[in-house]
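Notes follow once the structure below has been shown.
What follows draws every value from the coordinates through simple rules; no lab data is involved. It should be emphasised that the depicted structure is a prediction, and the values quoted were computed from it without experimental measurement. All Cβ positions, glycine included, derive from the backbone under ideal geometry; neighbour counts span all protein chains shown.
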Amino acid sequence: MLQTVLSGLESGSWFALLGLAIVVVMKAADVPNFAMAEIGLVATYVGTVLNAAGISFWPAVVVTLVIGTLLAIVIDLALMRKLAKHGHFPLLLMTIGLSLALNALIGLIWGHEPRSFTAPWSGNHLDVGGLDVSWAQVVTIVVGALGAIGITAFFRSPMGAQMRAVAENRETARLIGVNAGRLSAIAWGLGGLIASTAVMLQAQSTLVSTHSAASLIIYGFVAATMGGFVSLFGTFAGGLALGIIQQVVGTYISTSAQFAVALLAVFLVLMLRPGGFTKGMRLRDV
Amino acid sequence: MSEPGRATATTTHTEDPTMVTAGAEAVTEPSAHAVGRTKGLVAVVALLLLFAAPFVLNSYLLFVLNLTLVYAVATLGFNLLVGWSGQIGLAHAALFAIGAYGSAIAMEQGVPFLVTIPLVGLAAGGLAVLIGFPAIRLTGFFLAIATLALGMAIVELLKGARAVTGGGGGLNVEVFTLPGINGSASTYFVTLAVAAVAFFLVRRSLIGRFGRTLQAVRHLGQLSGSLGVSALRYRLIAFGLSGFIAAVAGSLYGQLQTFVFPAMFEMNLLVPMLVMVFVGGAGSHWGPLIGAAFAVVLIELFQDLGDLQAIAYGVVLMVAIAVLPGGLVSLFATFRDSRLVGRLLARRTASERSEVRA
Amino acid sequence: MTPMDTSTATPDSAAGHPVVELDGIRMSFGGNVVLDDVTLPVRPGFTGLIGPNGAGKTTCLNVISGYLRPDQGDVRLGGRSVVGGSAHQIARLGVSRTFQTPRLIPHLSATENVLTGAGRHYRGGHLSELFGLPAARRDERRLRGQARDLLETFGLGEHPGRAASRFPIGSQKIIEVARALLNEPRLLLLDEPAAGLGAEDVDRLVTGLTDWAADRDAAVLIIEHDLELITRLCPAVAVLHFGRIIQSGAPADVLRDPVVVEAYLGADFAAGD
């Protein structure tokens, strides 16, 4: 059971980080980004190629993160900006189109076989009181937690405060002189950075492929939903809970039902807490 | 029959995530009976042409046309829910699956195909109302995730109930034939008839009181209560109707594919369904048909290109959204406006004059 | 709490039984008392509800129209308690209202928007509409005619087919009033109908409302800051201050009352208005 929870915390960290990437972009740029997992995947694939070509681990990691960040900023500037005034759905469809295209592009360039990102600690294990802990799991969980703390700290900084202002009221934020365009680019960059971290963490522990992105993005969205698309803590906790539920179901019920059961659990949470599970009830509309 | 006016592209940005451009078409005063008759004539001619298709087209093109009509009907229901009532219910692919499986299983039990169509519609309609119950407390993305969860659970059940559904391996569908006509033409004729009736009835109810009420619920939310409208009741009706239509389309899909398996009805179907609604034009009358044609043609056009197909699909989707955020129907509206530009100009100057006077 | 002084209302409306009666309404949000023992009978004709911002006026309307359930007290419509009824049930009993910011369906025409108010006057159901039965067509034609007449009454008859969002905000508010009237309400609740309206729009509004009310027995409760409008329209007025009715009666008397003057001016100065 503990073993399962540990695996759950690991995959939960990927979901949580991806959820955070989605929430950051949603808060500052108001875009529901369905292409987040693919952005991370493109960056990670570049990293694995460099890694396979003999470039040592840490430089490859840096290149991966830079590519993820830049790719996200370019997408914001080139595709998303001018659609912003049309509301969420054209934006969502745009990111869906983008995720399809990026996914297929990865397949075209690098193929559809699963890959991993070999780290210096790959394959090493610890024995903690009879519990088999891989270093990859330790790294994932620690980096996930540090990432969440870092993002929370960022939103406490002056720039983060501006993003919160934009999230609360776009019009007022503009009036008090917040440069929404610059903030949007920064949020996208930050989102890309977090997403590539999430996918890279997944790749150093297990295999990633063009097929793994779809479930990752849905889990990420579900985590973001549990935080009401607003709360960083809610998203992080939601992602971890999702990971644990999914692993428990996979171990004790069936792996094919993982997805549906995890979503149903979230459904129950939503019914009890309609604004995500860190928020109280709110009266709609009136 | 009153006529829809121009689709006014509203660019208002509200918290309602489905609030996109093109909205519904503003209904102008139903004065032009002559225009109505012309349109009726156009519809009849189009139907006759479609009716002739099996005698003219080869089997591949007939299949593509048939598939387009099936998706158009499914999207008609989805658009009713998403575009008109403003609720992102994501169980639509699963309800479509209920139609395909339900019809096939009922036929195994000896129920004639044509009888299974309304049966699966009613069953899925009831189920959709249950799926819609979270709408009591949830809206927007929260409702989307909740309904997605229920939809995936349905597909999971289809996989699990091996004895009835054949599990992940799938199920053969007994093909219905009209007397004296081959299977694919029979399927096509039934599809055409169902599509014509569905579009006619849905359009008719949407241009009148029912459509107005749905939009009041969408735009006023709970405040529509002050109009004597129970928002919840109409939200659930929209779920029920969309489920009914989804399952009817699903039963036709089963006939068309002759073999169904659960993996057909997952995200790989749900995402194209969303694309069809929004690329066609959410909250419009003919958007579902246009969106379905767009999606099917795109898939078929780039078939056998492998990854290039998916890239092309994604890129064309992105271009379509970037150029026409209100969906393809807004293109027709623009075209109509430009053709009638003279008459419109005259009307506009008159109205401007009156504004100056006021 | 001053009891409503009915003797100062116009003779014919004073005779009428209250259309709606608030009786000892208490309403609080999270320990914050917003309405405190509010008792207010609203008789046929126009009644003004005034008071400084935050006095609880809109909350009163929300309680009457069923959006809020009071902690204590009763709301009686035609003598029958409606507390606990949902907003749409109360609307179907003949209670219409407007909102401070107009809530219309932006891309639908003015006429269509007004028609959304007609819900309870359709005799047939949606199925008879679906199958195009003659009764449904008659309903639609009749109510569409009434909707246009109403727009005409308010001087908006020129562009019945123009999309609501293309009207200036003042006209949108008037369209909303027309929508409320198509319900043929016995109680009409107007939440700051004149805010944001130009002088000419206010005249249209007043004329339209008085025309409409002339041959009807309906009661109209108006929240408004424009005291001139209140004096023009309402023979009776009540003043709400910090959730309590501090004075009521004929506008001329009420507005001269030192307590009211202090409540109004004091609050306005405090708010830096």
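A few points about this structure:
- Over all Cα atoms in the protein assembly as shown, the spread is summed up by Rg and Dmax: 30.3, 98 Å.
- Over region A:78-141, volume per residue of the alpha carbon convex hull, in Å³: 172 Å³
- Förster radius 22 Å - calculated FRET efficiency between A:Thr255 and A:Gln3, Cβ distance, rounded to 0.05: 0.90
- The magnitude of the dipole of region C:109-184, with charges of +1 and -1 set on the Cβ of Lys/Arg and Asp/Glu and taken from the Cα centre, is near 120 debye.
- The phi-based Karplus calculation (6.51 cos²θ - 1.76 cosθ + 1.60; θ = phi - 60°) puts the 3J(HN,Hα) values of region B:183-198 at x, 5, 5, 4, 4, 4, 4, 4, 4, 4, 4, 4, 4, 4, 5, 4 Hz, whole numbers, x for Gly and Pro.
- Dimensions (Å) - region C:1-156, Cα atoms, principal axes, largest first: 55, 41, 29
- Positive end of the dipole of region B:33-357 (Cβ unit charges, origin at the Cα centre): among B:Met107, B:Leu90, B:Leu158, the Cα lying farthest that way belongs to B:Leu90.
- Rg and Dmax of chain C, both derived from C-alpha coordinates alone, stand at 19.0, 64 Å.
- Rg over Rh for region A:24-106 works out to 1.05, using Cα positions for both radii and the Kirkwood form for Rh.
- Extent along principal axes [Cα atoms of region B:33-357; Å; largest to smallest]: 75, 51, 41
- With distances taken between every two different alpha-carbon atoms, region C:21-101 has a Kirkwood hydrodynamic radius of 13.1 Å.
- Take the Kirkwood radius over Cα pairs of region C:172-272, plug it into Stokes-Einstein at 37 °C and 0.692 mPa s, and you get 222 µm²/s for translational diffusion.
- Dipole of chain A, positive direction: furthest Cα of A:Leu207, A:Gly160, A:Val66, with charges on the beta-carbon: A:Gly160
- Two-decimal log10 I(q)/I(0) for region C:109-184, as the Debye equation yields it once each C-alpha is a single scatterer, q = 0.11, 0.13 Å⁻¹: -0.28, -0.38
- Fewest neighbouring Cβ atoms within 10 Å first, the residues B:Ile321, A:Ile194, B:Ile181, B:Ile88 line up as B:Ile181, B:Ile88, B:Ile321, A:Ile194.
- Chain C, dipole about Cα centre (Lys/Arg Cβ +1, Asp/Glu Cβ -1), debye to the nearest 20: 1260 debye
- Top positive-direction residue, dipole computed over region C:211-260 with Cβ charges, set C:Pro251, C:Val239, C:Trp212: C:Val239
- When the helices of chain C are scored as -39500 (n - 2.57) per DSSP H run of n ≥ 4 and the total is divided over every residue, the value at 222 nm lands at -11000 deg cm²/dmol.
- When shorter helices are ignored and each DSSP H run of at least 4 residues is given -39500 (n - 2.57), the per-residue value for chain A at 222 nm works out to -24000 deg cm²/dmol.
- Most mobile listed residue (A:Ser196, A:Ser184, A:Ser215) in chain A, GNM with C-alpha springs under 10 Å: A:Ser215
- Order of B:Arg37, C:Arg186 - criterion: other Cβ atoms within 10 Å of each residue's Cβ, fewest first: B:Arg37, C:Arg186
- Charge dipole magnitude, Cβ of K and R +1, D and E -1 - region B:33-357, Cα centre, debye nearest 20: 1580 debye
- Out of every Cα-Cα pair that region A:116-170 contains, those further apart than 17 angstrom amount to 58 percent.
- Theoretical FRET efficiency, 1/(1+(r/R0)^6), r = Cβ-Cβ of C:Ala214 and C:Gln72, R0 22 Å, to 0.05: 0.05
- 13 Å tail of the calculated P(r), region C:47-89, as % of Cα pairs: 57 percent
- Crossing angle, helix C:134-153 versus chain C [Cα axis fit, 0-90 degrees, rounded to tens]: 50 degrees
- Region A:14-237: C-alpha pair distances exceeding 32 Å, %: 17 percent
- Percent of beta bridges antiparallel (DSSP, the protein assembly as shown, rounded to nearest 5): 60 percent
- The C-alpha atoms of chain C define a longest principal axis, and helix C:199-214 lies at about 80 degrees to it.
- Prolate/oblate/rounded call for region B:138-293, Cα gyration tensor, a/c under 1.5 rounded: oblate
- Gyration tensor (Cα) of region A:93-210, equivalent ellipsoid semi-axes in angstrom: 35, 23, 9
- Counting only alpha carbon atoms, the long axis of helix C:169-182 and the longest principal axis of chain C meet at about 80°.
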